[in-house]
Structures are given as structure tokens and as C-alpha cells.
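The values are calculated or read from the model by the stated rules, or taken from the named source; none is laboratory data. As the structure is a prediction and not an experimental result, all values here were calculated from the model. Counting neighbours? That spans all protein chains shown, and the Cβs are built from the backbone with ideal geometry, glycine included. We work out accessible area using only protein heavy atoms, side chains counted, and drop any ligands, DNA or RNA first. Shrake-Rupley method; radii C 1.70, N 1.55, O 1.52, S 1.80 Å.
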Amino acid sequence: MKFKSVTVHPRLSDRNFVRDFDRYTLAEQSPKFSDYRQGKRHLFITSKKGGLFHICASLDPRYICCSTHVISHISNCPFECTYCFLQNYLTDTTLTVVADTDAIVEEIFHKTSLQPWRLFRIGTWELGDSLAIEPLNQFAIDLVSRFKSLDNCLLKLRTKGSAVEPLLDVEHGGKTVISWTVNPPEVIKREEIGTASLEKRIQAMEKVARAGYPIGLHFDPMIVFNGWETAYEDLVDAIFSVIEPENVIWISIGSLRFNPEMKKKIENNYPASKITAQEMVLGDDNKFRYPRPLREEMYSLLLSFLKAAGAEQCFVYLCMERWNVWERVFGRCPRSIGHLDYLMAKTVHERFPNSAPQSPPKDLYMALTY
Amino acid sequence: MERVSTVTPEVSLISFKGLDLSLDFSGVLELLGLWDTAEFFDSLDISGILCPLVIVDARASGNFVNGPYKLVDGFKRLAWARRKGLDTIPVTRAQMTDRGLLAFLLSKYVHLLKTCVARALFLKFLLQIGIDDQAIIDVAMRPLGLQAYKGLLEKHLRIADLPEELLTFCHKKDFSLKRCLNFTYQPRQLLVKIMALEDRISLSASFLQELCDSISEIMKRNEMAVEEFFQIEEVKEVLGSDIDRSSKTNLFRQVIRRLRYPILSKIQRELKEIEKEYLGPFPFEVKWDESLENRRLRIIASIKHIGELSDFRSSLSNPKAEEGIKRLLSYF
């Protein structure tokens with residue numbers, strides 16, 4: 001990825017990764033772009049101001065949410081997915097990275113130590129891709145190393161890329177999960193512009209699995225198109241013909257969703273994309289989704305493919321779905337968001353004891369409020 | 001204060017055959033129903049031409065007035081004079097800079113430009129007569145009640161390029177900028193086709209929007225051309241039927257919704273069949289979430305007398321009613 005400009009906050013000018021850029025400008029302020037695409041080509045590396053650690057913004061008590069936590073230190077993304085909510089979200093679209101590992105880890109440590117019994121799954125992908133900005137992978141490496149000693153935290157790096165080489169030799173202690181958003185090649189080609197091909201993603205998965213990292217898989221957003229059924233079956237086969245289910249810590253499933261303003265943005269920014277032309281309904285969270293019967297069909301079918309591929313041992317969950325959808329897909333549903341949080345902690349503890357050494361106390365999880 | 005135009009007070013008679021008429025905006029005003037030529041001609045028949053036409057001398061002007069003389073005011077008076085067979089006409093010859101002419105045109109038309117469409121067409125007219133973007137932004141946009149920036153000018157120009165039938169419709173309904181802009185994202189051929197239905201179905205603002213959104217979505221989903229959509233059997237059948245305009249509008253709306261929401265429509269039909277078969281005879285109504293998202297049935301009883309309460313209670317425990325409710329719930 002070549003940036004048109006790189007701006008570095010003077011406080012970070014002595015960091016190693018800065019030397020990887022041929023040219024950069026020192027400035028305290030972002031160059032500020034408002035155009036979504038334009039901002040992707042201009043990088044601003046800055047220091048930390050205010051809190052960056054919080055619970056995933058998608059959490060909505062009307063839906064079952066996995067209550068993951070996030071560090072929102074990346075804003076915007078060099079990739080260009082047609083369905084990306086960032087096109088309707090960012091005010092300053094400059095690709096901004098808060099590259100202040102010490103300050104970030106300090107905040108995480110301070111906040112997570114208040115609930116030492118709880119396993120915090122912490123993502124870095126809320127407003128961008130965890131591993132897409134290759135010159136900054138040193139920053140990801142620093143985070144991986146630091147998380148090794150955070151007992152009750154699990155770092156989640158999530159990407160649609162394949163740049164994992166710098167992470168392979170890092171001592172991670174099982175405390176970092178590297179996850180991929182996966183979709184059939186047809187969807188990657190049409191809707192996930194600039195991202196790694198499925199083949200490259202799977203090759204990267206294989207490498208991190210060999211390096212001992214637990215892998216996360218996110219079949220989200222599932223997208224309907226002619227032949228989607230076979231395409232998702234082939235996708236599952238392609239992944240599990242290379243990756244052992246034992247290496248997969250969890251699998252999330254979700255379907256395409258966006259708010260009404262986003263619909264217009266997608267149609268304007270990507271007129272050739274057909275994703276907004278499918279039948280959709282507006283949910284209680286003001287997001288369009290495929291009609292529930294279709295979503296249930298998609299999830300159930302995918303679940304059957306996963307079972308056929310031997311992945312039933314992995315913890316499979318739905319992202320941002322309703323209670324009744326869980327029941328109809330899995331035949332059961334968590335009793336609360338806290339319950340799902342507990343179930344995830346339990347399965348991680350049982351299957352990946354290095355990642356979650358302590359047994360989760362059910363009563364404390366069940367008492368969590370959101 | 002800058003002096004933008006100089007009016008020569010003399011009234012001369014010149015031959016008007018060679019006049020450049022490109023600054024005529026009256027056609028647009030007539031299209032929008034803002035000007036009634038017949039009525040104006042009637043008044044001229046009585047009073048004759050009281051005010052001289054205004055022409056500009058291109059040689060004294062800026063870069064957009066190319067002919068030797070351009071008419072800037074009095075197009076209809078000129079047309080009337082032509083119709084009457086006059087050879088000469090009284091005129092005032094003015095010297096104006098580009099910006100002076102722009103100010104003149106604004107003062108002449110601004111009070112008529114009350115809708116988004118009228119403003120859009122006026123801005124397009126200004127560009128067509130050769131006034132540059134920046135002059136329009138600097139001089140024309142604020143008097144029209146618009147913020148003076150290029151993006152907004154461009155949005156108006158996109159609106160001005162919508163099909164004529166749609167423009168007059170949007171003008172009549174006084175549609176907002178946002179609403180008009182929404183149409184600019186629709187295929188032009190579709191807009192023309194929908195506006196051509198106006199004689200058969202009632203087009204309200206919301207229904208027009210719904211039609212555009214729904215049909216373009218159906219077309220995109222099924223990779224269908226406009227003509228192919230209107231060849232769909234159900235569509236052809238409704239539009240070609242002999243029923244009255246109001247029924248046809250309702251029926252057409254239903255067909256469009258069925259095509260746009262095939263999954264929801266199918267399940268709604270099934271739910272209604274269950275309701276009819278199992279719950280029809282009972283003194284209560286069952287409502288469900290039509291989006292099918294929420295698992296929640298509302299059972300509504302209308303009671304006029306206290307005695308009806310026990311009927312309601314016993315009907316709820318009737319095995320057939322219970323089966324109906326169970327079946328309805330199974331869909332959620």
C-alpha cells in the first residue's frame with residue numbers, strides 16, 4: 001500500500017516503524033480529509049488522546065451480542081469493501097492509527113484489572129483492519145508481545161489481508177487470536193475491493209496456525225447472490241481442507257446489514273454493486289437485513305457445512321442476531337449477553353487453556369449488565 | 001458600489017430579425033406554469049407595447065455575449081410583435097458586464113423561482129448562456145436562497161437534467177432538494193416510463209418515490225431492463241386492466257410490493273391463511289410483526305358488553321384457536 005502522504009505526530013517520531021516510510025511530515029494534527037476514498041490514501045500516525053478501550057459499539061440489548069471489547073486505535077482502512085459502514089461514519093477520513101502501545105496497554109490493563117475474573121476478548125478492528133497497514137505491523141507485533149502477559153485478556157486481530165509474516169516469530173503465548181473475515185471468491189472480487197484473495201487468506205491462516213496462534217473465522221457478512229448456497233459450501237470446504245478445526249477458536253456468522261443512510265452511500269459509491277437490491281427488512285436497530293426466514297436458511301445451511309467439515313467442536317455463534325433466530329438455527333439460545341460471554345470464556349478455557357488459564361465463574365458472568 | 005450596467009435612455013427602432021434570442025428563459029417558465037403567454041398577449045392586444053425591449057450590445061460586454069445584439073428582456077413582446085407583423089419595435093440598448101447581466105436576470109426572475117426545480121432550471125439556463133460556474137456561485141446562488149458552493153450548484157444541475165415530465169411534477173409538488181436528488185440516481189428510462197403512467201395511476205410524492213425505489217431494486221436484483229420489467233405478466237395485467245384509476249393504483253402498489261418483497265409476501269399470505277382457517281370464527285384479532293423479526297403476537301378483543309369477556313376467554317382456550325396461535329408462532 002503506497003500512501004500519498006504520511007503524517008507522524010512529533011511525539012512518535014523516534015519510533016522504529018517511522019523509519020519504514022520513505023517520506024513523512026511531522027505534524028500534531030491530521031491533514032483532515034472528508035472524502036471516504038481520498039482519506040484511505042493519507043496516513044496519520046498519532047499519539048493517544050483519551051480512552052480507546054470500550055465494548056463493541058454494535059452492542060444492542062435487543063439482539064444477542066458477543067460483547068467483545070475493542071481498542072479503537074485505527075480509523076479507516078486501505079481496503080474498500082462496498083458494504084463497509086465507515087463510508088457513512090467517519091468525519092475525518094484520514095487513515096489514522098494511534099501507535100502508542102504503552103499508553104494503550106496501560107489503559108487496557110487499568111480497565112481489565114477491575115474484573116480480574118473475566119476473560120476480555122479485545123479486538124483492534126472496530127474502525128479498520130487489524131493487519132492491513134503493513135508498515136505498521138510492528139505495532140501489531142508490540143501489541144501481541146504485550147498481551148502475552150495480560151492474564152485475563154485475549155487480543156483479537158481481524159483482517160481481510162494476508163500480511164502475517166511479521167507475526168510468525170513473535171512469542172504470543174496463545175494470547176492472540178488472528179481472525180479472518182471470509183467470503184466466497186465471488187464476493188471478495190465484487191464487494192471486498194483490494195483485499196486478499198480467499199486463497200491468500202487461507203495460506204495466511206495456515207502460516208499462523210503453524211505458528212501456534214488460535215484462528216478465528218468470521219463468516220460475516222454473508223451475502224446473497226445467485227448460487228450463494230454452493231459458494232458458501234465451497235468456502236467452508238476450501239478452509240477446512242487446509243485448516244484443522246482444532247486450531248479454530250471460534251466461528252461467527254452474520255449477514256449483511258446496514259442502516260438506511262448507508263444504503264444510499266453504497267448505491268452512490270458503488271453503483272455496480274447489487275448488495276442493496278436484495279429483499280431486506282428494517283430491524284429494531286434501524287438496520288436493513290435480509291428477511292429473517294432467509295437469514296435462518298443461510299445460517300442453518302452454513303452450520304450444516306461447518307458440521308460436515310468437522311468444525312462442530314468450534315464455538316459457533318451469531319453476530320447481532322435475535323433470540324428467535326438463535327433458537328431456530330441452533331435449537332437453543334444464550335439466556336443473556338452475559339451468558340454468551342460466559343459460554344465463550346468457558347469454551348476458550350476448555351479448548352485453549354493457554355489463552356484463558358482460569359475457569360470462568362458463571363455467576364459473575366450471568367450478573368453482568370450492559 | 002460597482003456599476004454593473006449602463007442604460008442608454010434613448011428608445012430606438014431597429015429591425016429585430018437579427019437579434020440573438022438565446023437568453024430566453026420564458027420557455028422554462030411556461031413549462032413550469034409560471035408564465036401564461038396567452039394571457040399576456042391578450043393584454044398586449046389592448047395596451048400595445050408600453051415598455052421597450054432591452055438589448056445588450058455584445059461589443060461592449062464580456063465573454064459570453066457573442067452576437068452583435070442580444071435580447072435580454074421582452075421575448076414575449078417580440079413574439080407578439082412578430083405575430084402582429086410589425087417590422088420595428090422600441091428597444092433600450094444597454095451596456096452590461098457579464099455579472100451585470102447576471103444581476104439583471106436575477107432581478108427579473110428571482111421572485112418566480114420558489115421551488116427547487118425552478119432554481120435548478122434557472123442555474124442550468126445561466127450555464128447554458130455561457131456564464132461561468134464561479135460567477136454563478138458568487139452572484140446567483142445567494143439571491144436564490146442557496147448556499148454558494150460548487151457542490152450545491154452541481155446537485156441542482158443534476159436535478160435540472162431529469163426528464164421534463166418529472167421536473168414539472170416535482171415543481172408542482174414543490175419537492176425538496178433531497179427528494180429531487182433521489183430521482184437523479186434512478187435510471188432515466190425508468191423515470192420516463194413511470195411518469196408516462198400518470199394518466200393511468202395516481203402518483204403522489206411518496207408513491208412516486210416508492211415506485212422508483214422498488215422498480216429499480218427489482219430490476220437490479222434480476223438484471224432486468226426497464227422494458228422487461230413492464231413486460232412482467234402481473235404488471236402488464238394490472239396496468240392494462242379496465243378498473244378505475246384508484247383501484248388500479250392500489251393493485252399496482254400491491255404487485256410492486258410482492259415483487260420487491262417476495263419472501264415476506266409469501267409468508268404473509270401463509271400467515272393470513274392460517275388466521276382465516278383457524279381463527280376466523282373467534283371474537284378476536286391476531287396481529288403479528290409484518291417484518292417477521294419479532295416473535296410477538298398481539299391478540300385484540302373488541303368488547304362492548306361485559307358478557308363478551310367470557311366469550312373471549314373461552315374462545316382463547318378453544319383447541320382450534322390454540323392450534324392457530326401455535327401455528328402462527330411457529331413462523332417466528
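Need one value: the accessible area of A:LYS160 in square angstrom, 1.4 angstrom probe, rounded to the nearest 10.
For A:LYS160, the solvent-accessible surface is approximately 30 Å².
Mind listing the long-range amide H neighbours of B:TYR69? Cut-off is under 5 Å, sequence gap 5 or more, other chains count too, H placed in the peptide plane at 1.01 Å from N.
When sequence neighbours closer than 5 places are left aside, the close amide H contacts are B:ASP20, B:ALA58.
For the protein assembly as shown, what is the calculated [θ] at 222 nm in deg cm²/dmol (nearest 500), taking -39500 (n - 2.57) for each run of four or more DSSP H residues and dividing by its residue count? Don't skip to the end; give the middle numbers.
Numbers: 27 runs with 283 residues, N = 702.
After summing the helix terms and dividing by residue count, I get -12000 deg cm²/dmol.
Quick check: net charge around A:SER149, other residues with Cβ under 15 Å of its Cβ, Lys/Arg +1 and Asp/Glu -1? Kindly include the intermediate steps, with their values, before the conclusion.
Numbers: positive: A:ARG146, A:LYS148, A:LYS175; negative: A:ASP102, A:GLU106, A:ASP142, A:ASP151, A:GLU171.
Here the count lands on -2.
What's the extension gain from A:LEU26 to A:ALA57 if we count 0.36 nm per residue and subtract their Cα-Cα distance? Don't skip to the answer; put the middle values down first.
Working: separation 31, 0.36 × 31 = 11.16 nm, distance 3.18 nm.
Between A:LEU26 and A:ALA57, full extension yields 8.0 nm more.
Over the whole of B:255-268, what's the average partner chain Cβ count within 10 Å per residue? Rounded to a whole number, please.
Per residue, the average neighbour count from other chains is 2.
Can you find, among B:GLN128, B:TYR149, A:SER130, the residue farthest towards the positive end of the dipole of the protein assembly as shown? Put +1 on the C-beta of Lys and Arg, -1 on that of Asp and Glu.
In the protein assembly as shown, that residue is B:TYR149.
Putting +1 on Lys and Arg Cβ atoms and -1 on Asp and Glu Cβ atoms, find which of A:PHE17, A:TYR83, A:PHE109 reaches farthest to the positive end of the dipole of segment A:1-144.
A:TYR83
Can you compute 3J(HN,Hα) from phi for each residue in segment B:234-245, using the Karplus curve 6.51 cos²θ - 1.76 cosθ + 1.60 with θ = phi - 60°, rounded to whole Hz and x for Gly and Pro?
These are the phi-based 3J(HN,Hα) values: 4, 5, 4, 4, 5, 5, x, 6, 8, 5, 5, 4 Hz.
If r is the Cβ-Cβ distance from A:ASN226 to A:ASP363 and R0 is 60 Å, what FRET efficiency results, to the nearest 0.05?
Details: r = 49 Å, r/R0 = 0.82.
With a Förster radius of 60 Å, E is 0.75.
Could you go through segment A:98-115 in sequence order and give the Karplus-derived ³J(HN,Hα) for each residue, using 6.51 cos²θ - 1.76 cosθ + 1.60 with θ = phi - 60°, rounded to whole Hz, and x for Gly and Pro?
Residue by residue, segment A:98-115 yields 8, 10, 10, 3, 4, 5, 5, 5, 4, 5, 4, 4, 4, 6, 6, 6, 6, 10 Hz.
Using amide H atoms built in the peptide plane, which far-off residues or other-chain residues are under 5 Å from A:VAL8 H to H?
Under 5 Å from the amide H of A:VAL8 lie the amide H atoms of A:THR25, A:LEU26, A:ALA27, A:ILE45, each far enough along the sequence or on another chain.
What pairs in A:LYS4/A:LYS160; A:LYS263/B:LYS172; B:LYS124/B:LYS150; A:LYS4/A:LYS48 have C-alpha atoms more than 20 Å from each other?
Over 20 Å Cα-Cα: A:LYS4/A:LYS160; A:LYS263/B:LYS172; A:LYS4/A:LYS48.
Using alpha-carbon pairs under 8 Å, 6+ residues apart, how would you state the relative contact order of chain A in percent? Please list the in-between numbers first.
Details: 690 pairs, mean separation 58.2, N = 370.
Value for chain A: 16 percent.
At q = 0.10 Å⁻¹, what base-10 log of I(q)/I(0) does the Debye formula yield for the protein assembly as shown when every alpha carbon is treated as an equal point scatterer in vacuo?
-1.07
Could you please report the charge total around B:ASP42, scoring K, R as +1 and D, E as -1 over all other residues with beta-carbon less than 14 angstrom from its beta-carbon?
+1
Mind scanning A:LYS32/A:LYS200; B:LYS114/B:LYS155; B:LYS276/B:LYS326; A:LYS148/A:LYS287 and naming the pairs with a C-alpha gap bigger than 26 Å?
On the way: A:LYS32/A:LYS200 33 Å; B:LYS114/B:LYS155 17 Å; B:LYS276/B:LYS326 14 Å; A:LYS148/A:LYS287 37 Å.
A:LYS32/A:LYS200; A:LYS148/A:LYS287, as the Cα separations exceed 26 Å there.
Hey, can you list the residues from segment B:204-222 whose accessible area shrinks by 40 Å² or more with all protein chains present, relative to the chain by itself (probe 1.4 Å, no ligands or nucleic acids)?
B:GLU217, B:LYS220, B:ARG221
Quick one: if you stick a label point 7 Å off each Cα along the C-beta vector at B:SER47 and B:ARG258, how many nm between them?
It works out to 6.0 nm between the two label points.
Kindly list the residues of segment A:98-119 that lie in the label zone of A:SER149, defined by a backbone N under 13 Å from the point 7 Å along the Cα-to-C-beta vector.
Counting only backbone N, you get A:102, A:105-106, A:109.
Which whole-Hz ³J(HN,Hα) couplings does segment B:247-255 yield from phi under the Karplus relation 6.51 cos²θ - 1.76 cosθ + 1.60, θ = phi - 60°, glycine and proline marked x?
5, 5, 4, 4, 5, 5, 4, 5, 5
Straight-line reach only, C-alpha to C-alpha below 12 angstrom: list the aspartates and glutamates that B:LYS236 could link to, leaving out same-chain residues fewer than 8 apart.
Straight-distance partners of B:LYS236: B:GLU227, B:GLU228.
A:ASN354 versus B:ASP161, label points 7 Å from Cα toward the beta carbon: distance in nm?
6.0 nm
What is the distance in Å between the Cα centres of segment B:274-317 and segment A:67-126?
Centre-to-centre distance over Cα atoms comes out at 49 Å.
Show log10 I(q)/I(0) for segment A:48-366 at q = 0.06, 0.07, 0.12, 0.14 Å⁻¹, two decimals, from a solvent-free Debye sum over equal Cα scatterers.
The computed values of log10 I(q)/I(0) come out as -0.18, -0.25, -0.80, -1.15.
Once the principal axes of the Cα atoms of chain B are found, what is the range along each, listed largest first in whole angstroms?
For chain B, the Cα extents along the three principal axes come out at 98, 46, 42 Å.
Looking at chain A as a GNM with Cα springs under 10 Å, which of A:LEU302, A:LEU235, A:LEU26 has the largest mean-square fluctuation?
A:LEU26
What is the average number of partner chain Cβ atoms found within 10 Å of a Cβ in A:317-326?
For this peptide, the per-residue mean of nearby foreign Cβ atoms is 2.
Order the following by accessible area, largest value first: B:GLU223, B:GLU322. Probe radius 1.4 Å; ligands, DNA and RNA are ignored.
The residues order as B:GLU223, B:GLU322, largest area first.
With +1 on the Cβ of every Lys and Arg and -1 on the Cβ of every Asp and Glu, and nothing else charged, how large is the dipole of segment A:171-264 about its Cα centre, in debye rounded to the nearest 20?
On the way: 10 positive and 14 negative charges, 85 e Å.
Once rounded to the nearest 20, the dipole reads 400 debye.
In terms of solvent-accessible area of protein heavy atoms at a 1.4 angstrom probe, what is the ranking of B:TRP80, A:TRP117, B:TRP35, highest value first?
Numbers: B:TRP80 25, A:TRP117 55, B:TRP35 85 Å².
From most exposed to least exposed: B:TRP35, A:TRP117, B:TRP80.
With all protein chains present and a 1.4 Å probe, how do B:HIS111, A:HIS9 order by accessible area, largest first?
From most exposed to least exposed: B:HIS111, A:HIS9.
Zone of B:ARG188 (label point 7 Å along Cα→Cβ, backbone N under 15 Å): which residues in segment A:257-282?
none
Tell me which aspartates and glutamates have Cα within less than 15 Å of B:LYS84's Cα, excluding those fewer than 8 residues away on the same chain?
B:ASP42, B:ASP45
How long is the gain from A:HIS339 to A:TRP117 if the chain were fully straight, where each residue apart is worth 0.36 nm and the alpha carbon distance is subtracted?
Residue separation times 0.36 nm, minus the Cα-Cα distance, leaves 78.5 nm.
What is the sum of charges around B:HIS156, taking Lys and Arg as +1, Asp and Glu as -1, for the other residues whose C-beta is under 12 Å from the C-beta of B:HIS156?
Charge balance near B:HIS156 sits at +2.
Which residues' amide hydrogens lie under 5 Å from the amide hydrogen of A:PHE258, considering only partners 5 or more residues apart or on another chain, with H built in the peptide plane?
Answer set, sorted by chain and number: A:PHE288.
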